[in-house]
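The values are calculated or read from the model by the stated rules, or taken from the named source; none is laboratory data. These numbers come from a predicted model, not from an experiment. Glycine gets a Cβ as well: all are built from the backbone with ideal geometry, and neighbour counts include every protein chain shown. Keep in mind that these areas ignore ligands, DNA and RNA; they rest on the heavy atoms of the full protein, side chains included. Shrake-Rupley method; radii C 1.70, N 1.55, O 1.52, S 1.80 Å.
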Amino acid sequence: MRRAVLVILDGLRRDLISEENTPHLYAFARRAEQFNAHHTVFPSCTRVVSASIATGCWPARHGMAGNTMVLTENGRLVRHDAGKPDFLQHKRNVTGRSLHVPTMAEYLADEGGVVIFSNVSPGAAYAHDPDGFGHIYHRAGSFGPGRQPVPSREVLSISLDIQGESVMTDRFIERVVTASDCPAVGVLWMGEPDASQHHFPLGSPEHLAILHHADSHAGRVIAAVEAMADRQEILLLVGSDHGHQTVDEVIDVEAELVSAGLKNSMDSDDVVVASNGTSVLIYLHPDMVSRKRKIECFLRNCAWAGQVFSRGEFESVGIPLEAGPEFAVSMHSTDAKNAYGVAGKGFTARRAGDKADILGAGQHGGMGTFEQMPFLMVAGQGFTPDSERTSPSCVIDIAPTIFTHLGKPLPSFDGQALQHKSCEE
């Protein structure tokens, strides 16, 4: 029986894996093939990456534009936190679709199914299966096919911390890895170390302690999968969705536009800014098209704007055009080191509401070197143990890799299967 198990340690960047920091991952690398040029999508945010992994497509095709994004509702631009539990259902009501392309859960609904355990934001978790084709377990609500709530004994009632992740890991092993009715695909998406990296400096004692705990959880899954190897042909993929860099300065992009006379007021919806950490999406109401050139000129001359993309450049970075922003900005970043010797610093865009970034702690969302540095290790047929792949790979390659292992016809994925060509069937 062919199966696939995907384990994601949210926010763990590739260069922080070491024998000292993450001994289980370091050991697994000797038994797996490592991808040393692995990168993620833009914005490099968990809700976007979740949808990209689930669909095997760039955001331009699946339509999840950011952790924060804007929908046009009754002729107005309305900013939404895509992490809310009901966001994708609301998006479906407004636009007619939750995501614009099917997920692995939909494709495999009648062929072994998909089971997801996730401890990130509800919106990111539900992006794996927004229309209810498989099973998804999350602290905000757990659902089976048809988005029917699971029985009370199956509810995943945990916290977003190391203790909660430990409970979730045990549940995943029992439900997915060793169960007699195991699914074709199991996904375990841990909220750590990302959650803690937003609060502690990268490389600090507090951060390294979290890495050890997250690594131990991954190690338990790896051991459980390897113990099943003589009975089932399991493809084991262990990786992350994005990296992190240090917050050096927080920029209020909305206030900058108001000050420049390019937005009417902080509360106006003529121009709406959606902060995505170290990137921003800028939406322009159709009635304000005359400001487009001035806004672009302003952005391209701002010191805090590292890379500016207009709609004509969206295809090159996979940003949605349909009902999408007018501009996207990856905030300025450098390879400078923080107080603990961890490289990567940059500006972040102030978030709406009461969420505040912490100077000196971690953040992500842009195109910076270290936030575009997730890791990926794969063990199974088509992959060479204790080897390193230097050719580029991306998070959108995970779905086609899983389908190739399962022997399923590849849907219209944007990504490519990563198996060595001689081993593909």
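Could you tell me whether residue 258 is of a type in the set (A, V, I, L, M, F, W, C), open to solvent by 10 Å² or more (accessible area, probe 1.4 Å) and out of contact with any strand residue (DSSP E or B) (no Cβ under 7 Å at 6 or more places or on another chain)?
yes
Which ones in the stretch 199-219 are closer than 17 Å to residue 118 by Cβ and of a type outside the set (A, V, I, L, M)?
Once the filter is applied, which keeps residues that are closer than 17 Å to residue 118 by Cβ and of a type outside the set (A, V, I, L, M), the stretch 199-219 yields only 217.
Do any residues in the stretch 154-177 that are in the same structural domain as residue 189 (by the TED database) and surrounded by 16 or more Cβ atoms within 10 Å (Cβ to Cβ) have Cβ atoms under 6 Å from those of residues that are assigned to a helix (DSSP H, G or I) and not small (Gly, Ala, Ser), where the two are at least six apart or on different chains, and which pairs are they?
Qualifying pairs under 6 Å: 158/167; 158/168; 162/213; 165/217; 169/217; 169/220; 177/225.
Go through the stretch 181-211 and give me each residue that's in a helix (DSSP H, G or I) and either on the phi > 0 side of the Ramachandran plot or under 21 Å from the mean Cα position of the chain (by Cα) (or both).
Hits for the stretch 181-211 are 194, 195, 196, 197, 207, 210, 211.
Take the residues in the stretch 350-362 that are in contact with a helix residue (DSSP H, G or I) (Cβ under 9 Å, 6 or more places away or on another chain) and open to solvent by 10 Å² or more (accessible area, probe 1.4 Å); name whichever of them is modelled with the lowest pLDDT.
Taking the candidates together, the pick is 352.
Which residue pairs have Cβ atoms closer than 6 Å, lie 6 or more positions apart in sequence or on different chains, and pair a first residue in the stretch 208-231 that is touching a residue at least 40 places away in the same chain (Cβ under 8 Å) and surrounded by 14 or more Cβ atoms within 10 Å (Cβ to Cβ) with a second residue that is of a type in the set (Gly, Ala, Ser) and assigned to a helix (DSSP H, G or I)?
210/196
Among the residues of the stretch 335-346, is there at least one that is open to solvent by 10 Å² or more (accessible area, probe 1.4 Å), over 30 Å from residue 297 (Cβ atoms), among the basic types (Lys, Arg) and touching a His at 6+ places or on another chain (Cβ under 9 Å)?
No; the residues of the stretch 335-346 include none that is open to solvent by 10 Å² or more (accessible area, probe 1.4 Å), over 30 Å from residue 297 (Cβ atoms), among the basic types (Lys, Arg) and touching a His at 6+ places or on another chain (Cβ under 9 Å).
Can we say residue 149 is free of Cβ contacts under 8 Å to residues at least 12 places away in the same chain and either assigned by the TED database to the domain that holds residue 82 or touching a helix residue (DSSP H, G or I) at 6+ places or on another chain (Cβ under 6 Å) (or both)?
When the stated conditions are applied, residue 149 passes them.
Report yes if some residue within the stretch 292-314 is open to solvent by less than 10 Å² (accessible area, probe 1.4 Å), modelled with pLDDT of 95 or more and closer than 29 Å to residue 192 by Cβ; otherwise report no.
no
For the list (1) assigned to a loop (DSSP other than H, G, I, E, B); (2) touching a residue at least 60 places away in the same chain (Cβ under 8 Å), I need the number of the one condition that residue 125 fails.
(1)
Can you pull out every residue in the stretch 376-414 that is hydroxyl-bearing (Ser, Thr, Tyr), in contact with a strand residue (DSSP E or B) (Cβ under 9 Å, 6 or more places away or on another chain) and open to solvent by 30 Å² or more (accessible area, probe 1.4 Å)?
384, 390, 391
Need a quick list: helices (runs of 4 or more DSSP H) entirely within the stretch 3-103 having at least 3 residues that are open to solvent by less than 10 Å² (accessible area, probe 1.4 Å) and under 19 Å from residue 214 (Cβ atoms). Spell out how you get there, then give the answer.
Details: elements: 23-29, 46-55, 59-62, 87-95.
It comes to 23-29, 46-55.
Among the listed residues 202, 156, 236, which satisfies the condition of being modelled with pLDDT of 95 or more and under 30 Å from residue 417 (Cα atoms)?
Working: 202 fails: under 30 Å from residue 417 (Cα atoms); 156 fails: under 30 Å from residue 417 (Cα atoms).
It is 236.
Of the numbered conditions (1) touching a residue at least 24 places away in the same chain (Cβ under 8 Å); (2) open to solvent by less than 40 Å² (accessible area, probe 1.4 Å); (3) more than 17 Å from the chain's Cα centre (by Cα), residue 106 satisfies every one except a single condition; which is it?
(2)
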